[in-house]
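Colleague: Take this structure first; my questions come after.
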Amino acid sequence: MPVIAIDFGGTKIKAGVVENGHIQETASINAAAKQGIEKNLVQILAFIRSFLKEKHIPEDSITGIGIALPVIVSSENNTVLTQYVKYSDAKGFDFNRWFYNNWNIPLQLENDARAALIGEWQYGSGKGCSDLAILTLGTGVGSAVLTNGHLLKGKHYLAGNMAGHTIINADGVACNCGSKGCLETEVATWALPAIAKRLCKNPNSSLFKEDNLDFEMLVKAIDAGDNNAKDIFNHCINIWGVCAANLVHSFDPEKIIICGGIMKSADKILPAIQQYVDTHTWLDPGTVQVAPACQPDFATLTGLEYLINNKY
Ligand SMILES: [Zn+2]
């Protein structure tokens with residue numbers, strides 16, 4: 001049964017027609033996160049409807065809509081529980097009513113990292129496992145946990161979801177969440193320009209001048225022989241390792257699946273995270289595998305499809 005799966009990222013909204021773990025069609029539009037959630041929903045639904053028409057997929061063949069958001073979500077009530085920097089009005093928005101009025105088919109909201117974990121568990125790197133963790137490393141640091149075959153949610157839907165806002169330095173710098181010293185302040189792409197300014201020893205380095213510094217630029221600078229870039233990159237690898245080791249000690253997974261924007265440099269990053277886990281956890285080296293996501297760009301969409309069709 002084909003469903004529409006929509007992944008609300010901060011800069012792009014990705015949508016796809018998904019059936020049995022296969023993406024039949026996919027497309028994306030630019031998000032207008034500051035315009036609010038409703039305007040974005042109107043825009044993406046109009047886009048999906050014209051896209052279905054163009055591909056000759058009848059609208060009434062679609063049996064559900066899944067939406068993934070980078071916020072804390074109550075998947076039972078289809079509500080957003082926290083205010084996020086982007087789509088700040090999503091908290092309190094009545095998704096059930098809006099979809100009832102605009103496209104009345106079963107709706108499933110989920111946190112984006114949890115949806116990606118389900119996608120990788122059912123159709124990707126985590127196939128056959130009962131205990132998994134996922135880390136989505138990009139603009140922020142997302143996480144989710146599967147324990148004994150069940151998605152970990154907790155009493156308030158925070159469980160396993162908060163790796164990026166685990167406080168790792170009580171005297172650290174301000175985070176975009178209002179707290180201080182969160183893991184994201186030491187490694188997220190949004191914090192990278194400030195991290196570079198803190199760590200870069202050479203005031204003439206081009207890294208100082210780059211307000212939109214990202215990991216791709218950092219890797220390019222390393223390849224060009226910039227030692228400051230190397231120091232910053234090593235710092236980030238260390239923090240990703242800390243994050244993975246903390247997940248191992250908190251949730252004891254078989255695998256930690258890594259996805260997100262940094263996967264373009266996976267060959268440089270994953271072995272280093274594996275080594276950190278091997279040397280900083282109370283398990284024999286290699287017990288927990290740090291594995292790349294099989295479908296880094298689409299696990300969220302296939303996960304949403306599984307959640308809808310299997311009433312998981
Ligand atoms: Zn934070």
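No lab work stands behind these numbers, since they all come straight from the coordinates. Treat the numbers as computed from the prediction; the structure is a model and nothing was measured. No Cβ is skipped: glycine too gets one built from the backbone with ideal geometry, and neighbour counts run over all protein chains shown.
Colleague: So how do 35-48, 119-132 stack up, highest first, on mean other-Cβ count within 10 Å?
Modeller: Those peptides, ordered most packed to least, come out 119-132, 35-48.
Colleague: Once amide H atoms are placed 1.01 Å from N in the peptide plane, what residues at a sequence separation of 5 or more from K180, or on another chain, have their amide H within under 5 Å of its amide H?
Modeller: C175
Colleague: Here's another thing I want to ask about it. As a check on your grasp of the helix formula, calculate [θ] at 222 nm for the chain: sum -39500 (n - 2.57) over DSSP H runs of n ≥ 4, divide by the residue count, round to the nearest 500.
Modeller: About -11000 deg cm²/dmol.
Colleague: Dipole of region 64-196, Cα-centred, from +1 at each Lys and Arg C-beta and -1 at each Asp and Glu C-beta, to the nearest 20 debye?
Modeller: On the way: 8 positive and 10 negative charges, 37 e Å.
The calculated dipole for region 64-196 is roughly 180 debye.
Colleague: Let me ask something else. Based on the alpha-carbon gyration tensor of region 45-146 and its eigenvalue square roots a ≥ b ≥ c, which shape applies: rounded if a/c is under 1.5, prolate if not and a/b is larger than b/c, or oblate?
Modeller: oblate
Colleague: Whose amide H sits under 5 Å from the amide H of K91, counting only residues 5 or more places off or on another chain, with H placed in the peptide plane?
Modeller: Those qualifying (amide H under 5 Å, at least 5 residues apart or on another chain) are Y84.
Colleague: Under the rule a/c < 1.5 gives rounded, and otherwise a/b versus b/c splits prolate from oblate, where does the chain land using the Cα gyration tensor?
Modeller: On the way: a/c = 1.81, a/b = 1.48, b/c = 1.23.
Judged from the Cα gyration tensor, the chain comes out prolate (a/c at least 1.5, a/b above b/c).
Colleague: Give me the net charge for the shell around A229: Cβ to Cβ below 10 angstrom, other residues only, Lys and Arg +1, Asp and Glu -1.
Modeller: -1
Colleague: Hey, another quick one. For the residue pair E76 and S206, what label-to-label distance in nm results when each label sits 7 Å from Cα along the Cα-to-beta-carbon direction?
Modeller: Result for the modelled spin labels: 5.3 nm.
Colleague: Roughly how far apart, in whole Å, are the Cα centres of region 125-199 and region 238-297?
Modeller: 13
Colleague: Hey, if you put +1 on the Cβ of every Lys and Arg and -1 on every Asp and Glu Cβ in the chain, which of F47, A163, I67 ends up farthest toward the positive end of that dipole?
Modeller: F47
Colleague: I've got another one for you. Using θ = phi - 60° and the Karplus form 6.51 cos²θ - 1.76 cosθ + 1.60, what ³J(HN,Hα) does each residue of region 175-186 get, whole Hz, x for Gly and Pro?
Modeller: 9, 6, 8, x, 8, 9, x, 5, 3, 4, 5, 9
Colleague: Highest GNM mean-square fluctuation, the chain, Cα pairs closer than 10 Å: which of G154, G138, G178?
Modeller: Top of the fluctuation ranking is G178.
Colleague: To continue, here is another question. Could you pull out every one of the aspartates and glutamates with an alpha carbon less than 18 Å from that of K39, ignoring same-chain neighbours closer than 8 positions?
Modeller: List returned: D7, D89, D94.
Colleague: If you add up the charges near S50, with Lys and Arg at +1 and Asp and Glu at -1, over every other residue whose beta carbon is less than 15 angstrom from its beta carbon, what do you get?
Modeller: Spelling it out: positives minus negatives among the neighbours equals 0.
Colleague: When the chain is fully extended, how far beyond the present Cα-Cα distance does Q289 get from D267, taking 0.36 nm per residue of separation?
Modeller: Full-extension gain reported as 6.4 nm.
Colleague: Next up: Roughly how big is region 183-312's charge dipole about its Cα centre, with Cβ charges of +1 (Lys, Arg) and -1 (Asp, Glu), in debye to the nearest 20?
Modeller: Roughly 240 debye for region 183-312.
Colleague: Okay, next question. Given R₀ = 35 Å, what would the calculated FRET efficiency be for E25 paired with D252, taking r from the Cβ atoms and rounding to 0.05?
Modeller: Calculated value: 0.35.
Colleague: Still on this structure: Rank M162, M217, M263 by mean-square fluctuation in a GNM of the chain with C-alpha springs under 10 angstrom and give only the top-ranked residue.
Modeller: Most flexible of the set in this elastic network: M217.
Colleague: Let me ask something additional. With 18 Å as the limit, write out which pairs from K197/K230; K12/K34; K127/K255; K12/K53 have Cα-Cα distances beyond it, or answer none.
Modeller: K12/K53
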